[in-house]
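Trainee: Let me give you the structure first, and then I'll get to my questions.
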Amino acid sequence: MSTLNEHLRVLRFTLRHMLLTPNASLLNILIIGIALSLPVGGYVLLKSVQTLGAQVAGTPQISVFLASGTGEIDKIGDKLRQHPGIKRVEFVPRDTALKKLQQSTGLADVIGGLSQNPLPDAFVIYPKDGNAAALETLRDELKTWQHFEHVQLDSAWVHKLEALLDFGRMAVAILAALLSFALIAITFNTIRLQILTRREEIEVAKLIGATDSFIRRPFLYFGLTQGLLGGITAWLLVAASLQLLNHQIGTLTQLYASNFSLQHLSPVDSLTLLGFSAYLGWLGAWFSVSQHLWQIEPR
């Protein structure tokens, strides 16, 4: 209980110290918030682009054409439906496929003059996983099944979308790494200045027997609190930006009869952002205290 009270006391002291220097505290928190909002905004845009790409391209499909004279179609369909990687299966009889071809090509007279239907029976397969690698693995597996004359997968758009998303993820990761180092440096310098300003107070505390952990704790709490408040600021900046952008996108999507909108951070993503920002602040404070505190010894 005494340990909890001590931590609460240090937290109150940290908040009081921030209130005593409002300009510097607000400036640091705002800088951290703006810096964090850049990679977070990029992450949100990537998620929205991925959703939009799936809507535009539609659900990936694999077309399986049966060999001529294949029987037991119901058994083949049941086997496909039992496959763990397949979500849904549709059987397209050859007569139905021919009628659709007549309607879509405008060559009804030419097709109607054929002596026999040249199209095979087919299954249209909707996989559970839309990942390009998973689709190609499923396609290669189906090619080994009996009675399947041809298995077709149009995965070009999947590869293009994933290549674009991979590039975006790499760019966001690099930006996040660089800005994380910058935020650690900001906290490092802030704590260094605090240690130098309170040098005499620290010397007196050491003279009366204060341990390094006791002296270090307020600085660590300050870095953690500053990082957490910076994460909250980043969350608010991203939320406000998305609200403004979605208002403009709503006007545009109405013209195209679409319901697309930029997705905000999920609860898990939001907690991750706050936890990561708090950790960066704590880490910068820990580095600064570890480097400078040992240099201060009572005279």
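Trainee: Of all residues in the stretch 191-215, which are surrounded by 13 or more Cβ atoms within 10 Å (Cβ to Cβ) and touching a Pro at 6+ places or on another chain (Cβ under 8 Å)?
Mentor: Glu203, Lys206
Trainee: Considering each of Leu252, Leu244 in turn, give the residue that is farther than 30 Å from Arg192 by Cα, out of contact with any helix residue (DSSP H, G or I) (no Cβ under 8 Å at 6 or more places or on another chain), at pLDDT 70 or above and in the same structural domain as Pro39 (by TED's automatic domain parsing).
Mentor: Leu244
Trainee: Does Thr187 qualify as being under 25 Å from Leu262 (Cβ atoms) and more than 18 Å from the chain's Cα centre (by Cα)?
Mentor: no
Trainee: Just checking, does the stretch 156-173 include any residue being at pLDDT 80 or above, among the small types (Gly, Ala, Ser) and surrounded by fewer than 15 Cβ atoms within 10 Å (Cβ to Cβ)?
Mentor: Yes: one or more hits.
Trainee: Take Gln55 and tell me if it is at pLDDT below 85 and closer than 30 Å to Ser270 by Cα.
Mentor: It is true that Gln55 is at pLDDT below 85 and closer than 30 Å to Ser270 by Cα.
Trainee: Looking at the stretch 160-178, can you tell me whether even one residue there is part of a loop (DSSP other than H, G, I, E, B) and among the small types (Gly, Ala, Ser)?
Mentor: no
Trainee: Regarding Leu30, is this residue in the same structural domain as Leu236 (by TED's automatic domain parsing) and modelled with pLDDT of 85 or more?
Mentor: So Leu30 fits the description; yes.
Trainee: Okay, next question. Does Ile195 meet the test of being in a helix (DSSP H, G or I) and either under 32 Å from the mean Cα position of the chain (by Cα) or not assigned by TED's automatic domain parsing to the domain that holds Ile31 (or both)? Steps first, please.
Mentor: Values: in a helix (DSSP H, G or I): yes; either under 32 Å from the mean Cα position of the chain (by Cα) or not assigned by TED's automatic domain parsing to the domain that holds Ile31 (or both): no.
Answer is no for this residue.
The values are calculated or read from the model by the stated rules, or taken from the named source; none is laboratory data. Since this is a predicted model, take the numbers as computed values, not measurements. Neighbour counts are summed over all protein chains in view; Cβ atoms, including those assigned to glycine, are modelled from backbone coordinates with ideal geometry.
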